[in-house]
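The values are calculated or read from the model by the stated rules, or taken from the named source; none is laboratory data. The shown structure was predicted, so the numbers you read here are calculated from the model rather than taken from an experiment. Counting neighbours? That spans all protein chains shown, and the Cβs are built from the backbone with ideal geometry, glycine included.
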Amino acid sequence: METIGVLMTSPISAYLEEELDKRFKLFRFWESPEKKEFLNKNSLSIRAVVGNASVGCDAAMIDLLPKLEIVSNFSVGLDKVDLVKCKERGVRVTNTPDVLTDDVADLALALILAVLRGICACDRYVRGGSWIKGDFKLTTKFSGKTVGILGLGRIGSGIAKRAEAFGCPISYYSRSKKPNINYKYYPSVVELAANCDILVVACPLTEETRHIVNREVIDALGPKGVIINIGRGPHVDEAELVSALVEGRLAGAGLDVFEHEPHVPEQLFDLENVVLLPHVGSGTVETRKDMADLVIRNLEAHFLNKPLITPVV
Ligand code: 8YV
């Protein structure tokens with residue numbers, strides 16, 4: 001397959017880059033300052049794109065690649081891939097579900113505990129020598145609190161199972177009530193927020209879910225509420241979130257994703273009740289290798305005319 005051109009959009013995994021290099025003619029998109037010229041020059045060689053959660057495969061890229069056959073994305077979220085355009089062009093699309101579910105669900109629970117128990121603030125308190133002057137303030141109990149999950153897919157279900165182990169009642173919102181699920185279903189995000197202590201964003205980002213957590217939802221969650229976002233930054237109206245946190249209309253937030261990554265609103269930096277992570281949901285050695293292997297398996301299946309492992313389109 002070494003003559004098949006594969007475009008990797010950014011250097012997110014050295015292992016994936018090496019494995020692609022072994023099998024295909026690899027085009028490293030990030031190495032060229034002139035992106036459009038780079039695509040025009042190599043357009044007739046590139047039959048596959050390997051994108052990720054930050055740099056995917058948009059309509060402009062698809063239009064410049066007449067030989068494109070498949071987008072094998074190194075992510076479960078496909079909001080940076082123009083799926084409509086891919087369908088129109090007959091371009092196959094795959095992603096990396098399941099292999100990252102545990103990591104992202106684990107991190108959601110880590111964020112909940114970090115925010116409620118002030119883990120990061122406690123660490124800073126000890127390191128800064130403050131303990132000598134007195135004990136850290138009392139924090140907030142997690143076990144038994146109601147966890148509201150926005151989107152009960154693979155990751156949302158993993159979060160629910162973990163929270164149940166802490167004795168937490170689980171409620172959820174999704175477009176429709178899921179059969180054979182014992183969790184409390186709410187037909188609107190506002191009702192979910194009004195009836196939970198911790199709201200976790202775990203749904204895919206689409207035009208319908210952009211800013212699905214808005215001022216109304218934040219006000220419904222209320223001043224004792226906590227928002228956890230392990231989905232996508234644009235799920236939340238970030239300006240409204242920041243003002244609610246600064247004004248005390250929310251008790252706290254645990255954020256792994258932001259509207260304009262890697263830029264994070266600086267008003268959040270001084271808030272003790274906010275935990276900020278650099279989009280590390282799937283960021284473990286084991287999981288990123290599993291994701292890379294899945295990207296490779298999908299590409300090999302496609303070019304060997306075999307069924308794709310994790311087809312989306
Ligand atoms: C990516 C993510 O896996 O999988 C997703 O949708 O958001 C991330 O965990 C990672 O950023 C590589 O694209």
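Yes/no per residue for (1) in contact (Cβ under 8 Å) with a residue 60 or more places away in the chain; (2) surrounded by fewer than 17 Cβ atoms within 10 Å (Cβ to Cβ); (3) closer than 29 Å to residue 138 by Cα:
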{"residue": "213", "(1), (2), (3)": "yes, no, yes"}
{"residue": "220", "(1), (2), (3)": "no, no, yes"}
{"residue": "231", "(1), (2), (3)": "yes, no, no"}
{"residue": "242", "(1), (2), (3)": "no, no, yes"}
{"residue": "250", "(1), (2), (3)": "no, no, yes"}
{"residue": "269", "(1), (2), (3)": "no, yes, yes"}
*Tell me, please, whether a residue that is touching a His at 6+ places or on another chain (Cβ under 6 Å) and more than 16 Å from the ligand (Cβ to nearest atom) can be found in the range 58-79.*
yes
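Any idea which of 135, 102 is among the acidic types (Asp, Glu) and more than 28 Å from residue 56 (Cβ to Cβ)?
None of the other options fit; the residue is 135.
Residue 254 - would you say it is in contact (Cβ under 8 Å) with a residue 12 or more places away in the chain, in a loop (DSSP other than H, G, I, E, B), touching a Leu at 6+ places or on another chain (Cβ under 9 Å) and closer than 14 Å to residue 199 by Cα?
no
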*Limited to the range 137-147, what total is found for residues that are surrounded by 13 or more Cβ atoms within 10 Å (Cβ to Cβ) and in contact with a Phe, Trp or Tyr (Cβ under 7 Å, 6 or more places away or on another chain)?*
1
*If you go through the range 109-130 one residue at a time, do you hit one that is of a type in the set (D, E, K, R) and in contact with a strand residue (DSSP E or B) (Cβ under 7 Å, 6 or more places away or on another chain)?*
no
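Return the residues of the range 13-35 that are part of a loop (DSSP other than H, G, I, E, B), at pLDDT 95 or above and surrounded by fewer than 21 Cβ atoms within 10 Å (Cβ to Cβ); say none if nothing qualifies.
Filtering the range 13-35 down to residues part of a loop (DSSP other than H, G, I, E, B) leaves 13, 24, 32-34.
With at pLDDT 95 or above added as a condition, the list becomes 13, 24.
Matches in the range 13-35: 13 only.
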*Going by the structure shown, is residue 200 closer than 18 Å to residue 174 by Cα and part of a helix (DSSP H, G or I)?*
no
